[in-house]
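The values are calculated or read from the model by the stated rules, or taken from the named source; none is laboratory data. What you are looking at is a predicted structure, and each value in this text was computed from that prediction instead of being measured. Heads up, the Cβs are rebuilt from the backbone with ideal geometry, glycines too, and the neighbour counts pull from every protein chain shown.
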């Protein structure tokens, strides 16, 4: 697995953690060489004061030349077409152009070097600026060209993924901040004001998830507080399946009822924030049968 480490920092509360969980080897894409992950795109921020890794995919043994801030590194892709180059740590600054040349040339523009953080957690972290207290006053003022936002699209997976679904970095403006995490925005804004350097904030949050689900099994095995939970899960595997109806509790987080595909109805939103109540008059108690509601 090829990784890029942009930052390793303490959490904001319990919701911020290091980036490498998100950064893996690039997926197999058939056409153009070289190919970069979505995280490496226009307007991105790279972590200052630490080694910078740039990685991607190309044809096997293809020669790749990467240039950044006046420095150039050259490497050949391995037998699986994966490659990575390393740049020495750089101070905050920019904008720079990242040039990646192989059979074709890719130019990533408006690259800044500063502080990079990842904001993760449940619905309290995913809660958007547009619905937050004081949004009407704050959103029009959220014009920070050197504060960059990246939202990781949601995807179910049991294994580390080679790339995100399509996504891109965006400069913070009143339009781009509306649906971005309110907690992450205010944190990044205050950090930007205090440090006066470019800030990159990555929102990777999913309502209803627990912190244990974001921890790699091998890391959980090493943690004396988390390991008992992992052991319990391993020993109870399969116990949740039953041949008959059984009651269960479901926490409504960003929950929708989908309409019959043959009809013209729209999805019905039941809840968008886990504050203990449903957001419609239909309430929050439901009966589900696997055969009757496939």
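Among residues of region 139-163 that are free of Cβ contacts under 8 Å to residues at least 24 places away in the same chain, those with a beta-carbon under 8 Å from a residue that is loosely packed, with under 10 Cβ neighbours inside 10 Å at least six positions away or on a different chain give the pairs 153/166. For residue 149, indicate whether it is surrounded by 14 or more Cβ atoms within 10 Å (Cβ to Cβ), in contact with a strand residue (DSSP E or B) (Cβ under 9 Å, 6 or more places away or on another chain), assigned to a loop (DSSP other than H, G, I, E, B) and modelled with pLDDT of 95 or more. Spelling it out, it is not the case that residue 149 is surrounded by 14 or more Cβ atoms within 10 Å (Cβ to Cβ), in contact with a strand residue (DSSP E or B) (Cβ under 9 Å, 6 or more places away or on another chain), assigned to a loop (DSSP other than H, G, I, E, B) and modelled with pLDDT of 95 or more. With respect to the conditions (1) assigned by TED's automatic domain parsing to the domain that holds residue 48; (2) touching a residue at least 24 places away in the same chain (Cβ under 8 Å); (3) within 30 Å of residue 51 (Cα to Cα), residue 130 lacks only one, and its number is (3).
For region 40-74, the set of residues classified as closer than 16 Å to residue 105 by Cα, part of a strand (DSSP E or B) and in contact (Cβ under 8 Å) with a residue 12 or more places away in the chain consists of 54, 55, 56, 57, 63, 64, 65, 66, 67, 68, 73, listed by residue number. Kindly establish whether residue 118 is assigned to a strand (DSSP E or B), under 18 Å from residue 201 (Cα atoms) and touching a helix residue (DSSP H, G or I) at 6+ places or on another chain (Cβ under 8 Å). Yes: the conditions hold for residue 118.
Flag: residue 206 does not match the condition of being closer than 27 Å to residue 48 by Cα and under 17 Å from the mean Cα position of the chain (by Cα). Each residue in region 170-210 was checked for being outside any strand (DSSP E or B) and either under 19 Å from residue 125 (Cβ atoms) or in contact with a strand residue (DSSP E or B) (Cβ under 6 Å, 6 or more places away or on another chain) (or both), and 23 pass.
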